[in-house]
Amino acid sequence: MTNRTAIAEGLFTWPSDKPALLGSRCRECNIAEFPVKSSCPACGSQDVGVEQLPRRGKLWSWTIQGFMPKSPYNSGETPETFTPYGVGYVELPGAVCVEARLIENTPEQLSIGMEMELVIETLRYEQQGNEVVTFAFKAVE
Ligand SMILES: [Zn+2]
């Protein structure tokens, strides 16, 4: 069986059947952040807690990434094998705007305000067959 490893620790609950992004929330002013920060960017308080963020949100803005991103987001593709993908900000209720890959990768599939759901997708395969996964958002049917 293939080993599926998250691209980074502490970004989302993993392994999990219903993975959720992990964010921090300030106990002083209630501002939420993703990814987790050790202090509040709004008031500077270090009294922050980690919580699971909602799995669904609304698409706030988006673009299509038409060229290869720089590492650390390198997926192992080459310019010849690269496939354009969507990138968007998804506004999670009561929480925070999250920048993420989108499963949809053409403008016809995307519109501001549409409902999006968190999914985990393969980013790349490493030697020994290890699969590296990352989070993305996908339009809710
Ligand atoms: Zn704060």
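What follows draws every value from the coordinates through simple rules; no lab data is involved. Not measured: the values here are computed from a predicted model. Every residue, glycine among them, receives a Cβ derived from its backbone with ideal geometry; neighbour counts consider all protein chains shown.
How many of the residues making up region 6-29 are of a type outside the set (Lys, Arg) and either farther than 22 Å from Tyr89 by Cβ or outside any strand (DSSP E or B) (or both)? Give the derivation first.
We begin by selecting, within region 6-29, every residue of a type outside the set (Lys, Arg); these are 6-17, 19-24, 26, 28-29.
When the remaining residues are screened for being either farther than 22 Å from Tyr89 by Cβ or outside any strand (DSSP E or B) (or both), the result is 7-11, 13-17, 19-20, 28-29.
Summing the residues that are of a type outside the set (Lys, Arg) and either farther than 22 Å from Tyr89 by Cβ or outside any strand (DSSP E or B) (or both) in region 6-29 gives 14.
Could you name every one of the strands (runs of 3 or more DSSP E) located completely within region 30-141 that has at least 3 residues being closer than 27 Å to Ser16 by Cα and within 15 Å of the chain's Cα centre (by Cα)?
So the answer is 56-65, 85-91, 97-102, 115-125, 131-139.
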Worksheet, complete the sentence: The condition of being farther than 26 Å from Ser24 by Cα and loosely packed, with under 13 Cβ neighbours inside 10 Å holds, among Glu99, Glu131, Glu141, only for Glu141
